[in-house]
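Here is the structure we will look at, set down as structure tokens.
The values are calculated or read from the model by the stated rules, or taken from the named source; none is laboratory data. Values in this document were obtained by computation on a predicted structure and should not be read as measured data. Because the Cβ atoms are built from the backbone with ideal geometry, glycine has one as well, and the counts that use them run over all protein chains shown. The accessibility values were calculated without ligands, DNA or RNA, using every heavy atom of the protein model including side chains. Shrake-Rupley method; radii C 1.70, N 1.55, O 1.52, S 1.80 Å.
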Amino acid sequence: ITNKLCDIYKDKEGEDRGQIKVLVPGAGLGRLAFDIAKLGFECQGNEFCLFMMFTSNFVLNRCKSINTLKMYPYIHNFCNNVSDEDQMKVVVFPDINPNELPEDRKFSMAGGDFLDVYNDLDYLNSQDCVVTCFFMDCAHNVVEFIQTIHKVLKDGGYWINLGPLLYHFSDMPGEPSIEPSYDCIKNIIADFGFEFLEEEKDVMTTYDQNPASMLQYKYKSVYFCCKKT
């Protein structure tokens, strides 16, 4: 994602790159948004989950040096452990110092539901690029996500996406959900006025698992880059 972003704006350096606005909805702990800001872009992450926001605030604003804190992310995983040490593995963080971000970089995190926040008129045609990573399947209605991304992008703006379609609200009682296939989504994206510039299927990706576990999940994710025409 970051390589593609730098390739799109390879003619923008220094202060010029700082004028490029990049939005990262579903930013989680804010690492991707932070890395984009570190590259020199103006970047805003958006996250709905309060637990994610609390943790990202702690890491971004309270951690002062590298590898100073410990956690045991697999301690409650009792199955598929090859050894006791696998379950008790320690992970130290942060792996980078958040304070190394230059003070002149424009980086922010906005809390709230993506649809509620970015359908505001203040965000209409405001972004040069939208980056979505493991985000599109978080929607009750993925068409609304596509529509909002189209609204916030400037004419000629770019949308970079990577992720699967593990629809989070599918089969969840009391929650509305639609689950179109990727081919259907691709047609909808085109109907909204996006031009596909790049696409790659079967991108092998992992998510939140112990690499030493006997059980490994992998997604055959889809990557694409579109341009709003």
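Summary of values
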| item | result |
| --- | --- |
| Lysine pair number, Cα distance threshold 18 Å (strictly under), segment 21-150, separation 8 or more or different chains | 5 |
| Surface accessible to a 1.4 Å probe, per residue, for the residues of segment 1-90, Å² | 61 Å² |
| Cβ-Cβ FRET estimate between residue 197 and residue 155, R0 fixed at 22 Å, reported to 0.05 | 0.90 |
| Between segment 1-60 and segment 142-207, the alpha-carbon center distance in angstrom | 19 Å |
| Calculated on alpha-carbon atoms, Rg and Dmax of segment 142-226 in Å | 15.2, 48 |
| Trypsin sites (Lys or Arg not before Pro) lying in DSSP loop within segment 189-229, provided at most 15 other Cβ fall within 10 Å | 218 |
| Accessible surface, 1.4 Å probe, highest first, among residues 194, 107, 51 | 51, 107, 194 |
| Accessible surface of residue 150 - all protein chains present, 1.4 Å probe, nearest 10 Å² | 40 Å² |
| Partners for residue 4 among aspartates and glutamates (Cα-Cα distance below 20 Å; same-chain residues under 8 apart left out) | 13, 15, 16, 35, 42, 128, 155, 195, 198, 199, 200, 202 |
| Residue 58 - accessible surface, heavy atoms, 1.4 Å probe, Å² rounded to 10 | 90 Å² |
| Calculated [θ] (222 nm, deg cm²/dmol) that DSSP helices of n ≥ 4 give over the chain, each run adding -39,500 (n - 2.57) | -7000 deg cm²/dmol |
| For the chain: relative contact order, % (alpha-carbon pairs under 8 angstrom, 6 or more apart) | 19 percent |
| Residue with peak Gaussian network fluctuation, the chain [Cα springs, cutoff 10 Å], from 131, 22, 90 | 90 |
| Whole-percent carbon and sulfur share, accessible surface of segment 9-78, 1.4 Å | 58 percent |
| DSSP-loop GluC sites (Glu not before Pro) across segment 36-140, with at most 16 other Cβ within 10 angstrom | 103 |
| Where only alpha carbons of segment 4-119 are counted, the Rg and the Dmax (Å) | 17.2, 52 |
| Within a Gaussian network of the chain (alpha carbon springs, distance under 10 Å), most fluctuating of 197, 29, 165 | 197 |
| P(r) tail fraction, the chain - alpha-carbon pairs more than 32 Å apart, % | 24 percent |
| Calculated FRET efficiency for the pair residue 205/residue 78, C-beta based, R₀ 30 Å, to 0.05 | 0.70 |
| Value of relative contact order over segment 43-110, rounded to a whole percent, pairs C-alpha under 8 Å and six or more apart | 46 percent |
| Lysine pair count for segment 150-227 [Cα-Cα under 25 Å; pairs on different chains or 8 or more apart] | 11 |
| Probe 1.4 Å, protein heavy atoms only - accessible area per residue of segment 143-206 in square angstrom | 55 Å² |
